[in-house]
Amino acid sequence: MKNSVLRSVFSSFFLFLFFYITPAADQQTITKGWRAGVARVVITPLESIWMAGYGSRDHASEGTLVDLWAKALAIEDAKGKKVVLITTDLLGIPKAMSDRIRNQIAVKYGLTRAQIILSSSHTHTGPVLMDALFDIYPLDVKQVEVVRKYSSDLEKKIVALTGEAISSMVPALLSSQNGVTRFQVNRRNNTEATLTNQTVLNGPNDYSVPVLKVTDTSGNILAVAFGYACHATVLNFYQFSGDYPGFAQIELEKWHPGITAMFFQGAGADQNPLPRRTVPLAQQYGRELAAAVDRVLNEDMVKLEPFISTAYSEINLSFSAPPSKEELMKIEKETTGYQKSWAANQLEFLRRNGSLRTTYPYPVQVWKLGNQTIMALGGEVVVQYSIDLKKLFGPDIFVIGYANDEMAYIPSETILKEGGYEGESSQMVYGMPAKWNSDIELKIMEELKNLAVKTGVKQVAH
Ligand SMILES: [Zn+2]
């Protein structure tokens with residue numbers, strides 16, 4: 001009798017524990033979800049400065065069409081793991097600057113390189129940055145100083161911006177989906193001058209518009225990060241602007257007051273917005289892209305579970321056989337402009353180091369936010385990478401190019417064989433010693449497969 005009373009007291013006690021502790025634990029898993037914060041800062045230069053992207057410009061900037069922005073989105077999962085996506089209305093951030101920014105973010109906020117994507121829209125109406133494509137711009141000492149000062153201020157702004165995004169995090173919901181729009185044209189396989197007479201446009205292309213929506217827990221949009229694979233080269237004049245990606249961000253922020261719209265460039269190295277060269281065309285493409293994003297925002301998007309995994313590595317990509325010293329001396333003597341300064345710089349490198357550079361540390365990165373896979377690659381990545389990665393990992397993945405370093409074009413094996421600007425001559429523009437080696441595509445794809453395994457991203461094909 002006594003025992004059974006004790007048993008019943010004990011079982012009541014355990015029942016009490018079960019009902020009062022278990023629901024509390026459940027409550028915790030339900031309410032502990034994403035947290036997200038967003039911050040923005042104007043980065044339009046305050047003084048006249050040389051503009052990036054075209055070697056043919058012959059003087060510095062003349063005012064501003066629309067402001068340039070840097071924006072940061074900080075995201076934290078249920079376990080407290082953070083990532084930060086930084087987008088900028090810039091041509092591209094070179095390695096030295098990117099390393100300094102990411103080192104500062106590591107020191108100040110404890111984020112590793114795997115947790116940071118530092119991207120650029122590739123606008124061709126932004127400022128030249130320190131150490132970026134210096135061979136193609138005829139900068140005098142005064143201009144170099146303006147560029148140096150702007151670059152140094154920009155680094156500080158981006159680091160501070162990251163801190164602001166992290167400290168403004170609030171409980172949030174994340175969802176993602178791909179939309180579609182089609183104003184970009186494969187610039188290698190179509191002729192710009194005769195485009196209007198063409199009834200069929202040649203590919204390859206990727207028309208996806210990846211969209212990441214961040215809302216507060218009541219469903220109000222805080223931020224939208226979106227992309228497209230197409231050069232931001234509608235405009236080539238002397239006023240600052242974010243080109244079509246800038247106008248797309250402006251439109252979305254107009255249609256959804258209070259949100260921060262952020263653009264990341266895709267694998268658009270061989271894609272141009274055509275026709276081009278007028279402000280109304282840049283505005284038109286901006287509105288087209290914004291409309292594609294807005295459609296996605298208004299449909300059911302895939303809700304992402306609050307779980308982040310990340311991986312980052314730098315792989316040594318090899319160059320093919322470089323020119324000999326004699327060949328370089330001949331080029332230096334017989335050419336002008338960027339070819340001459342390229343040859344002079346290679347000879348100087350040779351004198352100092354005894355041989356030319358044979359490899360380059362190329363950054364690749366994978367994020368998994370819930371079930372959304374994001375693959376970020378450095379450099380001017382051609383569209384074939386996006387197509388092949390989607391074949392391998394499914395059509396819903398997001399591919400970001402121009403991320404963490406803009407060192408050169410990244411051609412596919414086919415484009416490397418074909419040559420032309422993206423496969424060969426752009427290497428001189430970027431100050432590289434030679435063409436990439438023929439295993440470039442293989443190496444990059446293999447490393448992305450490795451990072452996919454580390455982040456739990458499944459292949460849909462083998
Ligand atoms: Zn480019």
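For the condition modelled with pLDDT of 95 or more and more than 18 Å from the chain's Cα centre (by Cα), what is the one hit in 398, 393? Spell out how you get there, then give the answer.
Values: 398 fails: more than 18 Å from the chain's Cα centre (by Cα).
On inspection, the qualifying residue turns out to be 393.
Scan 403, 452, 434 and give me the residue that is at pLDDT 95 or above, buried (at least 23 other Cβ atoms within 10 Å of the Cβ) and among the small types (Gly, Ala, Ser).
Numbers: 452 fails: buried (at least 23 other Cβ atoms within 10 Å of the Cβ); 434 fails: buried (at least 23 other Cβ atoms within 10 Å of the Cβ).
When all the criteria are applied, what remains is 403.
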Based on what the data block shows, is residue 268 in contact with a Cys (Cβ under 8 Å, 6 or more places away or on another chain), of a type outside the set (Ser, Thr, Tyr) and either without any contact (Cβ under 8 Å) to a residue 40 or more places away in the chain or surrounded by 21 or more Cβ atoms within 10 Å (Cβ to Cβ) (or both)?
yes
Quick count over the range 302-313, residues being open to solvent by 20 Å² or more (accessible area, probe 1.4 Å) and not polar (S, T, N, Q), is 6
All-but-one check, residue 346 against (1) surrounded by 20 or more Cβ atoms within 10 Å (Cβ to Cβ); (2) touching a Phe, Trp or Tyr at 6+ places or on another chain (Cβ under 9 Å), failing number (2)
When the residues of the range 27-67 are narrowed to those that are modelled with pLDDT under 95 and among the hydroxyl-bearing types (Ser, Thr, Tyr), which ends up surrounded by the fewest Cβ atoms within 10 Å (Cβ to Cβ)?
56
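Give the residues of the range 216-233 that are in a strand (DSSP E or B) and open to solvent by 10 Å² or more (accessible area, probe 1.4 Å), sorted by residue number. Please lay out each step first, then the result.
Quick first cut of the range 216-233, residues in a strand (DSSP E or B) only: 216, 221-228, 232.
The answer is 216, 221, 222.
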Which condition from (1) in contact with a helix residue (DSSP H, G or I) (Cβ under 7 Å, 6 or more places away or on another chain); (2) open to solvent by 10 Å² or more (accessible area, probe 1.4 Å); (3) part of a loop (DSSP other than H, G, I, E, B) is the one that residue 129 breaks?
(2)
Quick one: which residue in 189, 205 is open to solvent by 60 Å² or more (accessible area, probe 1.4 Å) and in a loop (DSSP other than H, G, I, E, B)?
189
If you go through 415, 374, 440, the only one that is of a type outside the set (Lys, Arg), farther than 27 Å from residue 72 by Cβ, modelled with pLDDT of 95 or more and away from the ligand (no atom under 16 Å from the Cβ) is 440
Residues in the range 36-92 that are more than 16 Å from the ligand (Cβ to nearest atom), closer than 18 Å to residue 140 by Cβ and either hydrophobic (A, V, I, L, M, F, W, C) or part of a strand (DSSP E or B) (or both): how many?
3
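The values are calculated or read from the model by the stated rules, or taken from the named source; none is laboratory data. For clarity, every value in this text was computed on a predicted model and none was experimentally measured. Note that we place each Cβ from the backbone using ideal geometry, even for glycine, and neighbour counts take in every protein chain shown. Side chains are part of the model used for accessible areas, which takes the heavy atoms of the whole protein and leaves out ligands, DNA and RNA. Shrake-Rupley method; radii C 1.70, N 1.55, O 1.52, S 1.80 Å.
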